[in-house]
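Remarks on the structure that follows.
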Amino acid sequence: MHPFAPSFAFTRAFSVLALTASLSSPAAAATLTMQGWFHGAGQAVSVTSPNYNGLAGGFKGTLQGLSDSRFNLADLEMYCVDLLQTINPAVGTRYSVKMAGEAGASTFEIKPIEQVFAADRVARLVQLVSFVEASPMRVDSAAESTALQLAIWNILYDTDASLHAQPGATFSDTSSHRSYASDLLAQSVGFGATRQLFVMTSSQRQDQLFWLDAHRVPEPSAALLALAALGAIGAVGRRARR
């Protein structure tokens, strides 16, 4: 052996140390990049409790750099679930984001919807989103996207007894979007769940609802891949000793 050539044992130990260090080092900050309105500019509505007069509709964006690769989405559709704060939808606006429970500071934290809202509202939101996503034609214009936003707000904030069966008042909105919002709410009652819903929560910005396909197969996380690599290194070492 060359006097300066590293032994196999040293090389294996160095590889394990390097891999362990990569596991313990903090991940690069993940980013939500806004890309404007999803189906064209939002349209004017007026709602109460809480009060809001302005534009409504879905936003689009991208999510990059998250530790759970299911959430690294190039074509993200999201809707406001918070009427007391704001978000800037302008193309290129960036916000930091992380998965719930991860260390470090960020503007948004991604949580399962069950951790954010009561079970009855979760069930209706899942039905509504699953119904809308079952056919692209149900929401494929700015007006229909505005109606979907109204329907979401109705589920979250309207307290009348018709929450589970009929659409309710859809607040005090008197725009042309109210009728379609009511249709979406009525037609989605009891619809089977096909989407997993999540909320990007923030103490600084407007919370955003978004979803994944419930049948999507999760990709292995970076940590699991690293552990598998450690196992492979150990197996090579055992064979070498034999």
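The values are calculated or read from the model by the stated rules, or taken from the named source; none is laboratory data. If you're wondering where the values come from, they're calculated on a predicted model, not measured in any experiment. Positions of Cβ are backbone-derived with ideal geometry, glycine not excepted, and every protein chain shown enters the neighbour counts. Just so you know, the surface numbers come from the protein's heavy atoms only, side chains and all, with ligands and any DNA or RNA stripped out. Shrake-Rupley method; radii C 1.70, N 1.55, O 1.52, S 1.80 Å.
Taking amide H as placed 1.01 Å from N in the peptide plane, the amide H of Ala30 sits under 5 Å from that of Val97, each at least 5 places away or on another chain. Across the stretch 58-79, the residues whose backbone nitrogen lies under 14 Å from the label position 7 Å along the beta-carbon direction of Thr93 are 58-62, 78-79.
Label-to-label distance, Asn53 versus Asp213, with points set 7 angstrom from Cα along the beta-carbon direction: 4.4 nm. 3J(HN,Hα) couplings calculated from phi for the stretch 199-205 with the Karplus curve 6.51 cos²θ - 1.76 cosθ + 1.60 (θ = phi - 60°) are, in sequence order, 10, 8, 9, 7, 7, 10, 10 Hz; Gly and Pro show x.
What order do Leu84, Leu55, Leu209 take when sorted by accessible area (1.4 Å probe), most exposed first?
Ranked from most to least accessible, the order is Leu84, Leu55, Leu209.
Computed from the Cβ-Cβ distance with R0 of 51 Å, the FRET efficiency linking Ser203 to Ser135 stands at 0.90. Share of carbon and sulfur in the accessible area of the stretch 32-97 stands at 51%, probe radius 1.4 Å.
Each Lys or Arg adds one and each Asp or Glu subtracts one; over the other residues with Cβ under 12 Å from the Cβ of Lys60, this totals -2.
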